[in-house]
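A short write-up of the structure that comes next.
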Amino acid sequence: MDTGTVKRVAVCVMLLSMPNRSAVFAQVTRPDAAAPLTEQPSVRAALDWFGKNLTWINDEQVRLTEIPAPSFQEEKRAAAMKELLADEGLKVHSDKMGNVIGEMTGTNEIVLVTAHLDTVFPAGTEIHVKREGERILAPGISDNGTGLAALVALARAMRVAKLRPQRTILFAANVGEEGEGNLRGMRALIDAYRAKLKAVVVLDGSGTDHVTTKALASRRLEVTVTGPGGHSWSDFGMVNPINAVVRGAVRFINTKVPATPRTSFNLGQIEGGTSVNSIPHEAKLKVDMRSEAEEEIARMEAALRECVAAGVRDENENARDRSKGKLEWTVELIGSRPGGELAGDSALLGALRVADAAVGNESRIERSSTDANIPLSQGIDAIAIGAGGNGGGAHSLDEWYEPAGRELGLQRVLLTVLGVSGVVGR
Ligand SMILES: [Zn+2]
């Protein structure tokens, strides 16, 4: 960790408010030097590029959003991103997981900038972008059409402005952020680059109002209860997996969770059975658990297991006809996102604050569950931020985005990234 950060932030803010000081500074600024970024001509050119090319950025966002990319089926959108990043002169490759990585080469140390490719919408969802005045609408348009468009815009602005980073910047469009993707794309990126990583900047969704520095821990579990199955009339009285799941779920719902540390659970999906007049042979229940304290999640998981065991036991014991067998059950981990927190005096948060000051933005610290969970849980500096403009209705079919003012968000992203990568002077 860089203990000089706080001082540096103060110095940078001061310098930003003093015009025409560039001659005082050396040609090459290092990430560990006080860097008046906005005074460098190439940085200014890149910052200006965004406002002059909004139509191009918006169009790319629409084009990318209209390529379906449910988690585990991101290939087509990944291929489009690969082409876009290669067009910007980056050394581009795909890893085994399906992540697309474009390299802007600097020193051995790496700053990783990512945007997730996947959406929560299943294949076949209507994702054609509609326009209503300034607003564009489509599932996934903001989450994460905005982040992907920003990734490309960032690379393009830097190329056009001939802006070279001191440290290597990797631009990654990663798979598997949403739901049962379980952050698999980010896990692979961190595994591949861990030793050289100095900072990770995750671009997720729209806005400029927040910076996620705290990773919300979560765990997702799937309960499965199976039995022999039968006919609703002739086999009445035998064990029923849906009954057992309901019995267990009702017990679990009554589990007390604390308000502080903030803790939540959600019974998110329940399925099973084949028809209304059949005793099912299987029932499933998916549960999401989150907490500011990981021990609360462990406590909830233990409670869920106990409740399901009790529900199955009740159903087995209450069956009138046990001749055809009894119920079996499992509780399986289908997702786990570890928690973590960025230090208040980290260089990365310092860079974000300098960027906020430079563009006249204010943002609040947030705790959330994002791709940044993985680096943060491993002690690697990381933040997740929106990439500008305004959006809403994430994960719904009515999702929307308004690009007005997005240049400010993109400038904020660029200055944050350059703040940790450093810039080679002209
Ligand atoms: Zn997202």
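Odds and ends about this structure:
- Taking GluC sites (Glu not before Pro) as exposed when their DSSP state is a loop state and no more than 12 other Cβ atoms lie within 10 Å, the longest site-free interval of the chain runs over 135-361.
- Using a cutoff of 8 angstrom between alpha carbon atoms and counting only pairs six or more residues apart, the relative contact order for the stretch 162-281 works out to 22 percent.
- Among the protein heavy atoms, those of residue 253 account for about 90 Å² of accessible surface (1.4 Å probe, every chain in place).
- Taking the inverse of the mean reciprocal distance over all distinct Cα pairs, the Kirkwood hydrodynamic radius of the chain comes to 23.2 Å.
- The gain in end-to-end length when the residue 366 to residue 55 segment is fully stretched comes to 108.9 nm, 0.36 nm per residue minus the alpha carbon separation.
- Most positive-pole-ward Cα, 358, 273, 249, against dipole of the chain from beta carbon charges: 358
- Pairs from 52/96; 91/196; 284/326; 162/214 whose Cα-Cα separation, in the structure shown, is over 28 Å: 52/96; 162/214
- Point-charge dipole on Cβ atoms (K/R +1, D/E -1) for the stretch 251-378, about Cα centre, debye to 20: 460 debye
- Shape analysis of the stretch 103-187 yields a ratio of the Cα radius of gyration to the Kirkwood radius, Rg/Rh, of 1.06.
- Each Lys and Arg Cβ is given +1 and each Asp and Glu Cβ -1; about its Cα centre, the chain then shows a dipole of about 960 debye.
- Extending 7 Å from Cα along the Cβ direction at residue 91 and again at residue 333 yields two label points whose distance is 3.6 nm.
The values are calculated or read from the model by the stated rules, or taken from the named source; none is laboratory data. From a predicted model like this one, the values you see are computed outputs, not experimental measurements. Reconstructed Cβ throughout: ideal geometry from the backbone, glycine too, with neighbour counts over all protein chains shown. Side chains are part of the model used for accessible areas, which takes the heavy atoms of the whole protein and leaves out ligands, DNA and RNA. Shrake-Rupley method; radii C 1.70, N 1.55, O 1.52, S 1.80 Å.
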